[in-house]
Amino acid sequence: MIERYSRKEMVQIWSPKEKFNIWFQIEAHACDAQAELGVIPKEAAKVIWKKGKFDIDKIDEIEKTTKHDVIAFLTNLAEYVGEDARFIHQGMTSSDVLDTTLSIQLKKASDILLRDMDQLLETLKKRSLEHKKTVTIGRSHAIHAEPVTFGLKLAGYYAEFKRNKKRLLNAKKEISTCAISGAVGTFAHIDPYVENYVSQKLGLIPEEVSTQIIPRDRHAMFFSTLGVIASSVERLSTEIRHLQRTEVREAEEYFSQGQKGSSAMPHKRNPVLTENLTGLARLIRSCVTPALENVTLWHERDISHSSVERMIAPDATITLDFALYRLNNVIQNLLIYPKAMLSNLEKLGGLVHSQQVLLALTQKGASRENAYEMVQSNAMKVWETPEHKRKNVYKDLLKKDAKVLEFLNEREIDHLFNLDQHFVHVDTIFDRVFGKEE
C-alpha cells in the first residue's frame with residue numbers, strides 16, 4: 001500500500017525485518033522444543049538463539065539463485081549460527097514457517113484494528129449523546145420520511161461498529177493458529193509437541209488438522225470480516241457525503257484554515273475525506289473474493305494462494321487501519337447544523353406527520369382505505385404548492401377537508417403535528433444501544 005494511505009505501526013508488521021524476525025523466532029522456539037525432546041543438543045538450541053542473525057540484503061541476493069525465500073533465509077541464518085545450523089528446520093516444511101508467521105502478522109494487525117474501532121466507538125458514542133435530541137428528518141429513498149434525531153443516526157452506526165468489533169474478535173481467534181506438522185501435515189518427521197510448544201510461545205493455538213498449510217477457510221473468514229467493516233465505513237461516509245450536499249448541508253466535514261477545495265473554484269468545500277473513504281472501502285472489499293477463492297487448493301496444497309496473500313494481507317489491513325483512523329477524525333470534527341436540519345424538515349409543510357394523521361383517522365372509525373385517501377389527496381396538494389408557501393399548509397388543508405372533519409376536530413389535528421410524538425421512545429433505543437454505558 002502506498003505511503004499516502006498507510007500508518008507506521010501497521011506497516012511495520014508487514015516489513016521484511018519483522019517477517020524475518022518472526023521466522024527466526026519460530027525456528028528458534030522449534031529448536032528449543034526439539035532439544036527438550038532430545039532430538040537436538042540443548043547446547044545447539046542455545047547457540048541458535050545467541051548467534052542467530054540475518055541480513056535482509058543478503059537474503060534477497062541468495063533468493064535470486066535459490067528462487068525460494070525460506071531456503072534463502074535459512075542459508076543466511078546458517079552463516080551466522082555456524083555448525084549448529086544443521087539442527088534448524090528439522091522435520092519442518094517452509095509452510096510451517098510461512099503460515100505461522102502469517103497468523104502472527106494477522107493477529108497483530110487485528111489488535112491495531114480493534115484499537116482503531118474502540119476509538120471510533122468512543123467518538124460515535126460521544127457525538128450520539130451530544131445530539132440525542134437534535135431533530136432532523138429521516139429519509140427513505142432519499143425522500144423525506146419522518147423525523148428522527150441526529151443522535152439516533154449515530155447510535156445506529158455505533159451499534160453497527162460494535163457488531164463489527166465482535167466479528168473482528170472472532171476473526172482474530174479464527175486466524176490465530178499455528179501449523180508445524182511437516183510436508184503434508186502428518187508429523188512424520190517432527191513430534192506434535194514442537195507445534196504445541198511453539199504455539200504457546202507465540203500466543204497461538206495448534207491447528208486441528210493441517211495439510212501442508214493452515215486451511216484457507218480461516219483466512220477467507222478474516223478477509224471477509226474486513227470487507228464487512230469496510231462496507232460499514234463506506235455507509236457512514238456516504239451518509240456524511242449526502243448531508244454535506246449544498247441543497248442539504250445538515251452536516252459537513254471540518255474545513256481547516258488554509259485548506260483549498262478546488263484549483264478552479266475558490267468557494268468549494270468538498271467532502272473529500274469521506275469520498276476518499278468510499279474509495280478505500282472498495283479496495284478493501286476487492287481483497288475478499290481472492291481470499292474466498294484461495295480456499296480451494298489442489299490436494300494438500302498448491303502455491304496459487306501465496307501471491308494473493310502477499311498482496312492482500314498487507315494491503316487490506318494497512319488500508320482499513322488508515323480508513324478507521326480517518327473516519328474517527330471525520331466524526332470527531334464533523335460540523336453539525338441543527339438549524340439547517342429543522343429548516344429542511346419543515347420544507348414539506350408538515351407532510352412528515354402524515355402517518356400520525358392516518359392512524360388517528362382509523363382510530364376514530366375511518367377505514368384504512370378511506371383514511372389513506374383523505375391523507376394522500378391533501379398531501380399531493382402540498383407537493384404542488386411552491387416551497388415558500390408551504391408553511392402549515394398541510395395542516396390547513398386537513399382542517400378544510402369536510403371528510404377529515406367528520407372524524408377529527410381542529411384541536412385534534414393541531415395535536416397530530418407535534419414533533420415530540422416522534423421521540424417518545426428515543427431513550428428506550430439509547431438504552432438498548434448503550435445500556436449502562438450511557
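The values are calculated or read from the model by the stated rules, or taken from the named source; none is laboratory data. What you see is a predicted model; the values in this text were computed from it and never measured. Because the Cβ atoms are built from the backbone with ideal geometry, glycine has one as well, and the counts that use them run over all protein chains shown. We work out accessible area using only protein heavy atoms, side chains counted, and drop any ligands, DNA or RNA first. Shrake-Rupley method; radii C 1.70, N 1.55, O 1.52, S 1.80 Å.
What to note about this one:
- Cβ-Cβ contacts under 6 Å between residues 6 or more apart (or on different chains), taken from a first residue in segment 287-298 that is touching a residue at least 24 places away in the same chain (Cβ under 8 Å) to a second residue that is in a loop (DSSP other than H, G, I, E, B), are listed as ASN294/ARG216; VAL295/ARG216.
- Search result, residues across segment 335-352 that are of a type outside the set (Lys, Arg), under 17 Å from ALA142 (Cα atoms) and touching a residue at least 24 places away in the same chain (Cβ under 8 Å): ALA340, MET341, LEU342, ASN344, LEU345, GLU346, LEU348, LEU351, VAL352
- Pairs where the first residue, in segment 187-214, is farther than 14 Å from THR100 by Cβ and modelled with pLDDT of 95 or more and the second is surrounded by fewer than 18 Cβ atoms within 10 Å (Cβ to Cβ) and not hydroxyl-bearing (Ser, Thr, Tyr), C-beta under 7 Å, 6+ apart: ASP191/LEU37; TYR193/LEU37; THR211/VAL184; THR211/GLU300
- Residue match in segment 104-117 (condition: free of Cβ contacts under 8 Å to residues at least 60 places away in the same chain, farther than 30 Å from SER210 by Cβ and open to solvent by less than 20 Å² (accessible area, probe 1.4 Å)): no
- Scan segment 263-280 for residues that are among the β-branched types (Val, Ile, Thr) and open to solvent by less than 40 Å² (accessible area, probe 1.4 Å) and the total you get is 2.
- Filtered residues of segment 55-70 (kept if surrounded by 14 or more Cβ atoms within 10 Å (Cβ to Cβ) and either more than 23 Å from SER306 (Cα to Cα) or among the acidic types (Asp, Glu) (or both)): ASP55, GLU63, ASP69
- Annotation: of all residues in segment 339-370 being surrounded by fewer than 16 Cβ atoms within 10 Å (Cβ to Cβ) and under 30 Å from GLU234 (Cβ atoms), the one that is nearest to the chain's Cα centre (by Cα) is LYS339.
- First in segment 1-27 and closer than 15 Å to ALA323 by Cβ and open to solvent by less than 20 Å² (accessible area, probe 1.4 Å), second anywhere and of a type in the set (Gly, Ala, Ser) and part of a helix (DSSP H, G or I), Cβ under 7 Å, 6 or more apart: MET10/ALA109
- Test: residue in segment 71-81 that is open to solvent by less than 50 Å² (accessible area, probe 1.4 Å) and either among the aromatic types (Phe, Trp, Tyr) or closer than 29 Å to ASN328 by Cβ (or both): yes
- One residue stands out in segment 371-419 among those that are part of a helix (DSSP H, G or I) and of a type in the set (Ser, Thr, Tyr): the one that is surrounded by the fewest Cβ atoms within 10 Å (Cβ to Cβ), namely SER377.
- Qualifying residue in segment 294-303 (condition: crowded, with 19+ Cβ neighbours inside 10 Å and either touching a helix residue (DSSP H, G or I) at 6+ places or on another chain (Cβ under 8 Å) or among the charged types (D, E, K, R) (or both)): yes
- Among the residues of segment 185-235, those identified as under 30 Å from ILE331 (Cβ atoms) and either touching a strand residue (DSSP E or B) at 6+ places or on another chain (Cβ under 9 Å) or among the aromatic types (Phe, Trp, Tyr) (or both) are PHE222, PHE223.
- Identity of the residue in segment 319-350, among the β-branched types (Val, Ile, Thr) and touching a Phe, Trp or Tyr at 6+ places or on another chain (Cβ under 7 Å), that ends up nearest to VAL135 (Cα to Cα): ILE336
- Any hit, segment 220-242, residues being open to solvent by 20 Å² or more (accessible area, probe 1.4 Å), closer than 23 Å to ARG139 by Cβ and hydroxyl-bearing (Ser, Thr, Tyr): yes
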